[in-house]
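The values are calculated or read from the model by the stated rules, or taken from the named source; none is laboratory data. A quick note: this is a predicted structure, and the numbers were derived from the prediction, not measured. Ligands, DNA and RNA are excluded from the accessible area calculation, which covers all protein heavy atoms including side chains. Shrake-Rupley method; radii C 1.70, N 1.55, O 1.52, S 1.80 Å.
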Amino acid sequence: MDRIDAMQAFVAVADLEGFAPAARKLGLSPSGVTRLIAALEDRLGARLLQRTTRSVTLTDVGARYLERAPHPGRCRGGRGRCRGRTHAAERSLVVSAPVGFGRLHVSPVMSAYLTRYPEVSAELRLSDRMINLVEDGVDLAVRIGHLPDSTLVARHVGEMRRIVVASPDYLKAHGEPNAPAAIGSRATIQFGAMAASLPTGALSRMAARFAWR
């Protein structure tokens, strides 16, 4: 990878807010610009741009890197907006998490984080809806369940056990299932937001692991 070419490609994409216009400006193909950016990100070990089908935005790391990128007149037009975002990004943090899990586990962690870094302004958005992180301006999201294919960077941080329970009155009225597969024919209450995040067939596989005591 030619480092200067890669940096120029990155600056052009940030300035013009897209790979296609950056490619036209540089006289390259969009795929060529994509390869240069990918190589630069691999070299730095960090994601510089957040891509969706409709937009390209800078990550916080990308915004800080743009500030240091040696390029004449770098902060004109769209890049000026990027520079303003850099300083704001260093002082703000927007986190999204499911309602129940967020209240129990994410909120205490954020409280401890803000105590340690009082100069940071943070916002915790609790919702069981799967939001678009880029469009909604979210820096970090906690998700439970299957993660669809995307360009987002994800890290596995733990496991969450799921169980099936029944009240004594229900079992007395309807009988105890003799096998996990029998649960499918019973009247059940499911947490819809969590079930929707599972891939096809995961619920049946999950039921196969249940044991009755």
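Observations
- Accessible surface ranking that places the most exposed of Ile37, Ile189, Ile144 first, with a 1.4 angstrom probe: Ile189, Ile144, Ile37
- Cut-off under 5 Å, modelled amide H: who pairs with Ser96 long-range: Arg125, Leu140, Ala141, Val142
- From the alpha carbon centroid of the range 34-69 to that of the range 118-186 is 30 Å.
- Average accessible area per residue (Å²) across the range 109-174 - probe 1.4 Å, nucleic acids and ligands excluded: 82 Å²
- Accessible-area ranking of Asp136, Asp15, largest first, probe 1.4 Å: Asp136, Asp15
- Solvent-accessible area of Arg35 with every protein chain in place, 1.4 Å probe, in Å² to the nearest 10: 150 Å²
- Solvent-accessible area of His156, all protein chains in place: 140 Å² (probe radius 1.4 Å, heavy atoms, ligands and nucleic acids excluded).
- Here, the range 123-185 is characterised by an Rg to Rh ratio of 1.17, where Rg is the alpha-carbon radius of gyration and Rh the Kirkwood radius.
- Exposure rank, largest accessible area first [Phe101, Phe19; 1.4 Å]: Phe101, Phe19
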